[in-house]
Amino acid sequence: MNVAIVGGGLMGREIAAAIQRWPALIDHPVRPRLTAVCDINPAALEWFRDIDTVTGLVTDYRGLLADDSIDVVYVAVRHDLHEQLYVDVINSGKSLLAEKPFGIDGSAADAILAASAEHPESFVRCSSEMPFYPGAQWAIDYVKSGALGTIIEARCGFLHSSDIDPAKPINWKRQVEYCGEAGVMNDLGMHTWHVPLRLGWAPTSVSAVLQNIVPERPGPDGTSVPCDTWDNAVLQCWSREGDHVFPLTTETKRIAPGEKNTWFFEAIGVEGGVRFSTKSPKEVEVFSRISVPGIGTEQAWQRLDAGSQSVWPTVTGGIFETGFSDAILQMWAAFLAEREGVLGDRFGCVTPDEAALTHRIFDAALRSQATGASVTP
Ligand SMILES: NC(=O)c1ccc[n+]([C@@H]2O[C@H](COP(=O)([O-])OP(=O)(O)OC[C@H]3O[C@@H](n4cnc5c(N)ncnc54)[C@H](O)[C@@H]3O)[C@@H](O)[C@H]2O)c1
């Protein structure tokens, strides 16, 4: 299967590296080869020259879409470019692994969704790799088992401190024009909603607390320019499982002191509870009532190491540990297995419907921030 990448920046290079690690997967039905990369900046293409399967380095993606040898396209570009590029890939009939936030806003996501509905031959999913950590998979399976009992509350978050320095120059990710009005929610929100939405916990209401902590940053010539995106967003939601409603909180923060790519998920019920954070990537915490000899029943949080195995088996020893690049490889393994129809009941990438729903949630959050009210997505 031949893969092309459009956008050879931070994520384009990460995905190219993941595809080179494909032999780590055991008995995967697909063997992808990265054959072409497109970036409007020729300098960004240089890094890809060392990958010997890459035969095409181009600056206009339309040539790639006309190339019959390419089956799958991964697109990692600015948010304001998503709608046009994703729709063009889908219309070409090739499969698409899109990047979050799947369009700059809800109307862009709807246009991508409409193109996808018209071209079912184009298999479309959206990127969100953090739930592919083995500890996250453990937590998801635990929740799906019903072990929580009646749910008390759940939380999912994604934290960075990359913008803590007010002297850090502006970039496209910090400007509404390119990132989108939802700001940090567009940047990090897909990561926090993938698992809750997959568990069926779409929110019925959203109350938002959004902060623009650094409103100006140095521009290209050093003078201050507006930094008009939301830096931090906490959404306090009501969600539902069956007839039972419970609070679900998501946190997306660009300014969370000390944090570097910390994704966490926590779900607590009256019978059981589970916590996982990439801050301690090996460890899962599990709550239960235990019987202690000579004492009786106690409430206990216990810790276990999740090991290395995630959605698709790998040659890595089960007692070893995992990291970001492993999660990326697992996400691609799930994407290509699902495209082949062999994912089964394993955890898959974000669907177009789920991605579009995140925009309705972010839009509700913006309205909640503006009015101070709790808003229905
Ligand atoms: N899944 C994740 O963990 C994760 C992490 C970071 C970024 N992202 C997402 O990935 C996307 C890209 O982010 P990034 O950090 O890689 O950005 P980046 O700025 O590092 O790279 C974007 C690249 O796209 C190129 N480009 C711009 N217009 C183009 C066009 N028309 N055709 C081809 N190339 C073009 C730019 O020259 C640049 O090299 C965004 O949607 C972002 O939200 C995802």
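List of remarks:
- The range 269-282: number of residues that are assigned to a loop (DSSP other than H, G, I, E, B) and in contact with a helix residue (DSSP H, G or I) (Cβ under 9 Å, 6 or more places away or on another chain): 5
- Any hit, the range 63-77, residues being without any contact (Cβ under 8 Å) to a residue 40 or more places away in the chain and within 9 Å of the ligand (Cβ to nearest atom): no
- Out of Glu285, Glu338, sole residue that is part of a helix (DSSP H, G or I) and at pLDDT 95 or above: Glu338
- Of the residues making up the range 118-148, those that are within 13 Å of Ala356 (Cα to Cα) and either away from the ligand (no atom under 13 Å from the Cβ) or of a type in the set (D, E, K, R) (or both) are Val124, Arg125.
- When the test is whether a residue is in the same structural domain as Arg289 (by TED's automatic domain parsing), under 25 Å from Asp243 (Cα atoms) and more than 14 Å from the ligand (Cβ to nearest atom), Pro196 passes it.
- Among the residues making up the range 310-323, those that are within 19 Å of Ser277 (Cβ to Cβ) and either among the polar types (S, T, N, Q) or free of Cβ contacts under 8 Å to residues at least 12 places away in the same chain (or both) are Ser310, Thr322.
- Some residue of the range 38-59 being more than 12 Å from the ligand (Cβ to nearest atom), among the acidic types (Asp, Glu), without any contact (Cβ under 8 Å) to a residue 12 or more places away in the chain and part of a loop (DSSP other than H, G, I, E, B): yes
- Pair list, Cβ under 8 Å, 6 or more apart: the range 9-20 residue farther than 15 Å from Arg49 by Cα, other residue more than 9 Å from the ligand (Cβ to nearest atom) and at pLDDT below 95: none
- Subset of the range 169-178 that is within 8 Å of the ligand (Cβ to nearest atom) and in contact (Cβ under 8 Å) with a residue 24 or more places away in the chain - its residue that is surrounded by the most Cβ atoms within 10 Å (Cβ to Cβ): Lys173
- Per the listing Trp263, Trp301, Trp238, the residue uniquely touching a His at 6+ places or on another chain (Cβ under 7 Å) and not in a loop (DSSP other than H, G, I, E, B) is Trp263.
- Each residue in the range 92-117 was checked for being touching a Leu at 6+ places or on another chain (Cβ under 8 Å) and either more than 16 Å from the ligand (Cβ to nearest atom) or basic (Lys, Arg) (or both), and 1 of them qualify.
- Residue pairs meeting the criteria (Cβ under 7 Å; at least 6 apart or on separate chains; first within 20 Å of Thr262 (Cα to Cα) and at pLDDT 95 or above, in the range 184-209; second among the hydroxyl-bearing types (Ser, Thr, Tyr) and assigned to a loop (DSSP other than H, G, I, E, B)): Val184/Thr229; Met190/Ser128; His191/Ser128; His194/Ser128
- On inspection, Ser162 passes the criterion of being modelled with pLDDT under 95 and among the hydroxyl-bearing types (Ser, Thr, Tyr).
The values are calculated or read from the model by the stated rules, or taken from the named source; none is laboratory data. Since the model is a prediction, treat every value here as computed from it, not as a measurement. A quick note on method: Cβ atoms are made from the backbone with ideal geometry, for glycine too, and the neighbour counts reach across all protein chains shown.
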